Every structure is written in C-alpha cells, then in structure tokens.
Amino acid sequence: MGAIDAVTTTGNTAALCESVGLARATLYRRRQPARVSTPIVRAPASRALGPAERQAVLDVLHSARFVDQSPAEVQATLLEEQTYLCSTRTMYRILDAAQEVRERRDQARHPAYAKPELVATAPNQIWSWDITKLKGPIPYVYYSLYVILDLFSRYVVGWMVAAHENARLAERLIDATCRKQGIGPHHLTIHADRGAPMRSKLVAELFSDLSITASHSRPRVSNDNPFSEAQFRTFKYRPEFPDRFGAIEHARSVSRDLFAWYNDAHHHSALRYLTPADVHYGHAVATLALRHRTRVAAFAAHPERFVQGPPRLETLPTAVWINPPATSTAQDAPGTTIVTPADPQHGGIDGSHVTLEDQSTALIHTAVESLQ
C-alpha cells in the first residue's frame, strides 16, 4: 500500500506542477506587449504572367466567342488553333482575382425562412391543423384525416375524413369550424405545414375573407408543428385504432369515437391532467379547485402521509408556445389559466353550415363530423 500511495502522490504532484506551469506561462504571455503583425510582401514569381498578359487572357475569356465557356473548353479550343496563353488553372486564378468565378448554371435560390414564434394565452387564439393518412382496405389505398387543434387547450375543434387531400374540402372544414367556434375578425392565427392544401389559393382567400392570420412551418423542419404531430400519435396509438379501415365509413365511425374520447375523457399531461374540453370551455378552474379540496381533506385526515407538506393548488400554464424565443421563460410555465365561458354549441359542428358541391358531398359524406 505504501508503494501505491507513493505513486499516487507523485502523480498528483506532477499534475499540480503542470497546472502551475500553465498558469505561469499564461501570465507571462499576457504581460508581453501586443505584437504588430507586418504583412509579408512577396516578390512575384519569375514565371508569373505580367499585367499586360493577364489582361490579354481576361479579354479572351470576356470575348463573345468564349464568354459562355469554361476555362477548360477555352484552353482546348485555343490549343487546337495552336495558341497557348496560359494553363487552365491560371485562367481560373485570373477570373477569381476579378471576382468572376461562380456557379454559372441556374441554381435554386432559397429565401431565408424565419422560425415561426407563436404564443396562445387562451383558447381560439391559435389553431394548428394538419392532414394524416389512414390505411384503406388494400395496399396503396389511403383516406385523408383532416384535424384542426386548438393550441392552448389541445381541443380538436374540427375534423373530417375524406377520400383524398383537397383544397376545397380544407376550405369548407376551416370555414365551418370558425363558424361553430364563433371566431371574430383579426382574432385567430392558423398554423400549418407547407402542404399543397395548406398553401392553396382557396385557403388563402378564405383566410383573407375571415381576417385570419396564416402561419407556416419552415421547409424540411420537423419541429415547427409539434402539437398536431403529437395529437396524431396519441390518436393512432389507441387500442381501438385498427391496422386498416374497411371503408371510408369505417374510418369516420372510429374517428368519431376516438375524438369524443380525446376531447372529453383523455386527461392530457400538459394540461395538469385535465381534459381538453375542460380547458377549452372554461371548466379548468372549478375542476382544479375540486381536486385541491379533495387533497386538503386527505391531508387533514392523515398529514403524516404528505411528506412534502400541505397540498398546493395546481394552476394551468399561462401561455403555450410554438418555438418560444431564446430569451423567454420556459414553455408552459405554471401560472393562472385564462379560460372562456362555456360554449353553448359544445357537442359538435352542425353539418348544415357547410354547403358542398355534389361530388364533394359524396367524398366526405359530411363536411365536418360531429364532435360529441
């Protein structure tokens, strides 16, 4: 054990000396005056082209004959004509000195997309909508499930199942959902990805007519529409969700039951395990108060079982963000929730609000399925 202790002590002493030496070297280096770097001027190489020769090469490359050709092609053509000006690499150097070297083919110019930063402090301020595919009875047959989700309450305010993605169907669904929820002008922002129905002219014109602000995800970014994606995952991982749907009517029937469960019975972890309907229709405060009274009664009966002290009243987040700014506080910080009075229309979107053409009616059966 003595030998091991000696080796350990020696190693620790060496490490300490090395640290002291590094600190001393840093101190001495900082004490030295700043050195003024003098640029090194190199004499031109004896084999370099002179200014006149360089200009002659540049004039040849600028000529109408060679202006659209690469230096390699120019070099090959001149050699066949028994003319040698310089090497191909030297041509590139001369063009680079004149800032004329770039990709000459047409290239896609992608604009700089700003990250969408959206915040909701109450229901019906921001909606997120998306379309997911449902497997049909045979391979390569899919149905399209349209879902509109309220960002603050996670409540599904509108949905439908159709045979395919269609901008006109999306327009009818959004219009009917806005009517059901009583959305006023300049009150709502709808966020979506950059799919064809989301960016269609019909939907854009509807937003303009209803004074709705449109927001879109950045291209090729997977985290700009997280709430709709999370809802799809919850929906598709339910035991009742089949591997395939036998027909479009089967898809609508299953979806109707699942959305009724999601809105009215599913206790959402981001909502202090309240249901989306409780938050969306203003019952959150009463429900949280009832839970608190139950805990307080249990504490009064057996205070020794509450090792962290008396129970505290739970509160909902005051704000829900999509891409919160880096300078803001954490998303879903605890605070007092802002709720709205109960909606007398809670129970579904009336299909009579939607007027579809005959072929559209045949496709979706009912433009907006009833939300129980």
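The values are calculated or read from the model by the stated rules, or taken from the named source; none is laboratory data. Remember, it's a predicted structure, so these values are computed and weren't measured experimentally. Backbone-built Cβ (ideal geometry, glycine too); neighbour counts: all protein chains shown.
Residues satisfying the criterion are absent from segment 259-269 (criterion: part of a loop (DSSP other than H, G, I, E, B) and either among the basic types (Lys, Arg) or not assigned by TED's automatic domain parsing to the domain that holds residue 158 (or both)). Of the strands (runs of 3 or more DSSP E) lying entirely inside segment 109-171, those containing at least 3 residues that are in contact with a strand residue (DSSP E or B) (Cβ under 9 Å, 6 or more places away or on another chain), hydroxyl-bearing (Ser, Thr, Tyr) and in the same structural domain as residue 274 (by TED's automatic domain parsing) span 142-150. Each residue in segment 188-201 was checked for being under 17 Å from the mean Cα position of the chain (by Cα), of a type outside the set (Ser, Thr, Tyr) and not in a loop (DSSP other than H, G, I, E, B), and 3 pass.
Looking at segment 80-91, can you tell me whether even one residue there is in contact with a strand residue (DSSP E or B) (Cβ under 9 Å, 6 or more places away or on another chain) and either assigned to a strand (DSSP E or B) or buried (at least 18 other Cβ atoms within 10 Å of the Cβ) (or both)? No - not one qualifying residue is present in segment 80-91.
Looking only at segment 200-235, count how many residues are closer than 17 Å to residue 176 by Cα, among the acidic types (Asp, Glu) and surrounded by 15 or more Cβ atoms within 10 Å (Cβ to Cβ). Number satisfying all stated conditions: 0.
No other residue among 189, 177 is more than 30 Å from residue 57 (Cβ to Cβ), surrounded by fewer than 23 Cβ atoms within 10 Å (Cβ to Cβ), touching a residue at least 60 places away in the same chain (Cβ under 8 Å) and hydroxyl-bearing (Ser, Thr, Tyr) apart from 189. Do we find that residue 263 is modelled with pLDDT of 95 or more and either surrounded by 12 or more Cβ atoms within 10 Å (Cβ to Cβ) or β-branched (Val, Ile, Thr) (or both) in this structure? Taking the combined requirement at face value, the residue satisfies it. With the structure loaded, tell me whether residue 103 is over 20 Å from residue 53 (Cβ atoms) and not in a loop (DSSP other than H, G, I, E, B) or whether it fails that test. Spelling it out, it is not the case that residue 103 is over 20 Å from residue 53 (Cβ atoms) and not in a loop (DSSP other than H, G, I, E, B).
The residues of segment 31-79 that are surrounded by fewer than 13 Cβ atoms within 10 Å (Cβ to Cβ), part of a helix (DSSP H, G or I) and in contact with a helix residue (DSSP H, G or I) (Cβ under 8 Å, 6 or more places away or on another chain) amount to a single one, 72.
Cβ separations smaller than 7 Å between residues 6+ apart or across chains give no pair from segment 104-131 residues that are at positive phi to residues that are aromatic (Phe, Trp, Tyr). The C-beta contact set for segment 275-286 (first residue outside any helix (DSSP H, G or I), second residue acidic (Asp, Glu) and modelled with pLDDT of 95 or more, distance under 8 angstrom, 6+ apart or interchain) comprises 275/264. I need the full set of residues from segment 219-238 which are under 13 Å from residue 126 (Cα atoms) and in a helix (DSSP H, G or I), in order please. Matches in segment 219-238: 227, 228. Scanning for something more than 17 Å from residue 147 (Cβ to Cβ), within 16 Å of the chain's Cα centre (by Cα), in the same structural domain as residue 158 (by TED's automatic domain parsing) and part of a loop (DSSP other than H, G, I, E, B), does segment 202-218 turn up at least one residue? Yes, the conditions are met somewhere in segment 202-218.
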